[in-house]
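Report on one structure; see the data block that follows.
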Amino acid sequence: MEKIKKWIIILIILMILLSLAFVILLTTFSSEDGKITWPGAIKNEGIGKEAESVEVESKIAQVKDYNTFYTIENSIQKYFLYTKVGNKQALDDLITEEYKKKNNLSIENIVEHFPKIEEDNEFLLKQLYLNDSKINPTYYAYGELQQKSKKDEYYFIIYTDQTNLCWSIEPIQKQEYENRIKQDKSNEEKTIAKKQYNSITQKIVTKEEIAKKYFKNYIYQAVYDKQSAYELLEPQYQRAKYGNITTYSKYLEERKEELTSMDIYSIKKIEDFKNEDEYAQYIANLQQKGLRQYSIIEEKEYTQYICIDDYGNYYIFRETAPMDYKVILDTYTIDLPEFIEKYNNSTGEEKALMNIQKFFEAINQGDYAYAYTKLDTNFKTNNFKTLQEFESYVKNHFYAKNKLTAEKMDPQGELYLYKININDKTEQNQNTITKTFVIQLKEETDFVMSFQVSV
């Protein structure tokens, strides 16, 4: 009996030892973001073959995490700040040793190596890719240094050290950047020494900050680079609304005063005036405009930021990744998904009112061509035979920016009638214009309308 007990104890000890060995074996593998990282691979060529390591395949992915994206942007902004103020110690701490060696840089000559930045500026990160095959992430960054007189493209490799919580930066050319984000075969790990100026500072962003950033960036492009602003337009909207860069440029020229009033680089400095009194008067009368309100809609394929400026203009940003967005500048040229859903779930009276709002949004934007297409054919023939006649009438009988209140009237068959009270949205004129509008609903979201022409 004692022997049996002894064997049971021995078997239990053996089972415990085997379990511990199995646990230790499992811990030789690690998992990061769902990815198994193998310490080495053994070729299946039979017992007794020598184990050999296999090179880990590089995986390049676009960074879609907001905080990572803006942490890297904030780091590069510091680099440009140190370049502008000529902080040679900071630059020496941040630039990689390989880059300094290649360009014969020392702390004495490092400032002179980089272009002088004199104007107010802001670095805007536009693309960020990650090589996630490394323990310490390496990033490939593309962005623009925006100034009033110009903007320049920059490309960087950003090395990070997760143990020491620090980073280093290496300027590269566009071709190398493009090669890296396609396939970077370099898996060499870099250990970065902790220095005075190279600590990583995490940036936490809010949705409000993102909305303001997209709005600010679009305004900058619209004022200083019409081609880039045109390319930011959502393709379907771009074709339907403008068709070509010439038409779009004309639209921007018509809105030049509004756009410059919302651009921070358009604010004049004291050097632009003959004396301090003129500058003081300018500052006293300055009315800086900008983003008034925003809302966010989360769609399956994108996030939509709906922004409205102080003039009542719309900027609808469709974002698929940080700084990867297209913009729509009104709610009537193409039907947005949320409009279609709301429209389809509305009554006939509600649809008619939504269409009147569309009509006046076009007028408020000076898009008389769109508004003209929505007039009933017989109504146009009898009152406005040409677009020019209609435009002249609108400018003389409505306001540049119209604010509406509606009173529903009894329908007449398939026609919906509304009495519309129209006020000046800018409040410069206190008079109220009252007109009756007649709406006929067509297929899907289409409609035609007429209105009381006499005052």
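The values are calculated or read from the model by the stated rules, or taken from the named source; none is laboratory data. Because the structure is a prediction, the values reported are computed rather than measured. In this analysis, Cβ positions are derived from the backbone assuming ideal geometry, glycine residues included, and neighbour counts consider all displayed protein chains. Note: accessible area is taken over every heavy atom of the protein model, side chains too, but ligands, DNA and RNA are not part of it. Shrake-Rupley method; radii C 1.70, N 1.55, O 1.52, S 1.80 Å.
Structural remarks
- Hull volume in cubic angstrom per residue (convex hull over the Cα atoms of the chain): 295 Å³
- Ordering Ile219, Leu128, Asn378 by Cα displacement along the dipole of the chain toward the positive end leaves Leu128 in first place; charges were set at the Cβ atoms of Lys, Arg (+1) and Asp, Glu (-1).
- Length-normalised contact order for the range 356-455 - Cα pairs under 8 Å, 6+ apart - percent: 22 percent
- The chain - percent of accessible surface contributed by carbon and sulfur, probe 1.4 Å: 51 percent
- Nearby lysines by direct alpha-carbon distance to Lys351 (threshold 20 angstrom, same-chain neighbours under 8 apart not counted): Lys342, Lys374, Lys403, Lys408, Lys419, Lys435, Lys442
- Computed FRET value (nearest 0.05) for Lys442 with Tyr99, which takes r as the C-beta separation and R₀ as 45 Å: 0.10
- Centroid-to-centroid, using Cα positions, the range 137-209 and the range 219-265 are 30 Å apart.
- A Förster radius of 60 Å combined with the Cβ-Cβ distance from Lys207 to Asn382 puts the calculated FRET efficiency at roughly 0.75.
- For the range 154-268: relative contact order, % (alpha-carbon pairs under 8 angstrom, 6 or more apart): 19 percent
- Here the relative contact order of the chain, from alpha carbon pairs under 8 Å that lie six or more residues apart, stands at 9 percent.
- Expressed in Å, the radius of gyration and Dmax of the Cα atoms of the range 207-314 are 16.5, 56.
- Rounded to the nearest 20 debye, dipole of the range 346-455 from Cβ charges on Lys, Arg, Asp, Glu: 300 debye
- Packing around the peptides 240-248, 120-128, 398-406, taken as the average count of other Cβ atoms within 10 Å per residue, puts them in this order, highest first: 120-128, 398-406, 240-248.
- Taking all protein chains together and a 1.4 Å probe, the residues Phe339, Phe390 rank Phe339, Phe390 from largest to smallest accessible area.
- Dipole of the chain, positive direction: furthest Cα of Leu286, Ile308, Met409, with charges on the beta-carbon: Ile308
- With a simple spin-label model that places each label point 7 Å from the Cα along the Cα-to-Cβ direction, the separation between Thr163 and Asn421 comes to 7.3 nm.
- The order of the peptides 149-158, 351-360 by mean Cβ neighbours within 10 Å, most packed first, is 351-360, 149-158.
- Normalised per residue, the accessible area of the range 136-271 is 52 Å², obtained with a 1.4 Å probe and no contribution from ligands, DNA or RNA.
- Note on the chain: dipole from Cβ charges, positive end direction compared against Phe80, Tyr99, Ala193; the farthest Cα belongs to Ala193.
- With all protein chains modelled, accessible area of Arg292 [1.4 Å, Å²]: 120 Å²
- Annotation for the range 400-435 versus the range 306-333: alpha-carbon center distance of 27 Å.
- Accessible surface for Ser295 stands near 50 Å², nearest 10, in the context of the full protein assembly shown (1.4 Å probe).
- Around the Cα centre of the range 395-455, unit charges on the Cβ atoms of Lys, Arg, Asp and Glu (plus for the first two, minus for the last two) sum to a dipole of about 340 debye.
- Placing unit charges on the Cβ atoms only, positive for Lys and Arg and negative for Asp and Glu, gives the chain a dipole magnitude near 500 debye about its Cα centre.
- Per-residue SASA remark: Tyr294, around 90 Å² accessible (1.4 Å probe; ligands, DNA and RNA not included).
- Cβ-Cβ FRET estimate between Met409 and Asn275, R0 fixed at 60 Å, reported to 0.05: 0.50
- Mean silhouette area of the range 304-455, derived from the convex hull of its C-alpha atoms and averaged over all directions, reads 10.1 nm².
- For the range 162-219, the list of GluC sites (Glu not before Pro) that fall in a loop by DSSP and count at most 14 other C-beta atoms within 10 angstrom reads Glu188, Glu189.
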